[in-house]
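Undergrad: The structure that follows is given in the form of structure tokens.
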Amino acid sequence: MLVTVVADYGTGDLAFAEVCQRLALLLPEAAITTVPVAAFDTVGAGFCVAQLAFGEGPSDRIVYANVAPRQDLDDPRADNAGERLAAARLDSGVLVVGVASGSSLSFLAAEGVPVRAVEVADRGSQFRSRDVFPAALAALARGDDSLLGEELTVGPPPKQAVGYIDGYGNIKTTWDHAPAPAGTTVGVRIGEVSVAATVSDGVFEVPAGTMSFAPGSSGWPRGDGSGDRTFYELLSRGGSAARLFGDPLPGASVEIVVPPV
């Protein structure tokens, strides 16, 4: 069994170690790995969750997502209450357990995967992902679905936006089609920054020092069975696309202008 923890605790943060220890106690047979995202980044978390859940791997794997900005209510919260826990079982056998916050589960739901509430306390600890949620995850991992409640309505993920930024500064977008024929130079605008890019069939099919906008390494099967969804990526060959665009946040709109301004 493989458990991947997607969370915004911070790279190398003590919180990752504590959550992994609790999971190892409850699921001693599991191998555990971690994927950090930026603080409160539910878009990046949701992108990672879908990529890992839909990608190839052992059928008994679990993706455990915790990005809980507690932004669903502005009023004071009693007893550290926050967004509720939810779960989804894919036809492949993969189990996703995560806090239903922002876009954390939106990419899954957009492909038709039912997301259900998990009947477990949504309060009782500032550190719910260590103290409250792992026991429910372990029960679900062992096939006990008695904790599953009603199906939740999950909003759509952002379209034509920044989805995730990898360690090289490549910007994985939620564009899933070419904005212009291959070889076309377009203007790409994210926030207040515009950069010229060449639409291509491969991210490295541009000279060094230039930007490509091409199908990248991320994507998954479409929920309607119509084939694979491949996301376009901004890559600055020999540099960092994210740096050129001022380090945008996932969820920021990616606008394409033809011809570039």
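The values are calculated or read from the model by the stated rules, or taken from the named source; none is laboratory data. Just so it is clear, the structure is predicted and the values come from calculations on it, not from any experiment. Every residue, glycine as well, gets a Cβ built from its backbone with ideal geometry; the counts of neighbours run over all protein chains shown.
Undergrad: Which one is surrounded by the most Cβ atoms within 10 Å (Cβ to Cβ), of the residues in region 105-121 that are farther than 13 Å from Leu152 by Cα and not acidic (Asp, Glu)?
TA: Phe107
Undergrad: Pairs under 7 Å by beta carbon, first residue assigned by TED's automatic domain parsing to the domain that holds Phe127 in region 83-100, partner of a type in the set (S, T, N, Q), six or more apart or different chains?
TA: Pairs that qualify, where the first residue is assigned by TED's automatic domain parsing to the domain that holds Phe127 and the partner is of a type in the set (S, T, N, Q), are Glu83/Ser101; Ser92/Ser59; Gly93/Ser59; Val94/Ser59; Gly98/Asn66; Gly98/Ser104; Val99/Asn66.
Undergrad: Would you pick out the residues in region 217-246 that are exposed (fewer than 14 other Cβ atoms within 10 Å of the Cβ), part of a loop (DSSP other than H, G, I, E, B) and at pLDDT 95 or above?
TA: The answer is Gly246, and nothing else.
Undergrad: Scan region 25-44 for residues that are surrounded by 15 or more Cβ atoms within 10 Å (Cβ to Cβ), under 19 Å from Leu14 (Cβ atoms) and touching a strand residue (DSSP E or B) at 6+ places or on another chain (Cβ under 6 Å) and report the count.
TA: 3
Undergrad: Select from region 195-216 the residues that are touching a residue at least 24 places away in the same chain (Cβ under 8 Å), assigned to a loop (DSSP other than H, G, I, E, B) and at negative phi and list them in ascending order.
TA: Within region 195-216, Val203, Phe204, Val206, Pro207, Ala208, Thr210 qualify.
Undergrad: Note down all Cβ pairs under 9 Å where the first residue falls in region 14-35 and is aromatic (Phe, Trp, Tyr), the second is at pLDDT 95 or above and surrounded by 15 or more Cβ atoms within 10 Å (Cβ to Cβ), and they're at least six residues apart or on different chains.
TA: Pairs that qualify, where the first residue is aromatic (Phe, Trp, Tyr) and the partner is at pLDDT 95 or above and surrounded by 15 or more Cβ atoms within 10 Å (Cβ to Cβ), are Phe16/Val5; Phe16/Ala7; Phe16/Thr34; Phe16/Pro36.
Undergrad: Quick one: which helices (runs of 4 or more DSSP H) sit completely within region 83-194 and have at least 2 residues that are among the basic types (Lys, Arg)?
TA: Details: elements: 106-110, 128-131, 133-141.
Where helices (runs of 4 or more DSSP H) fall fully within region 83-194 and carry at least 2 residues being among the basic types (Lys, Arg), they are 128-131.
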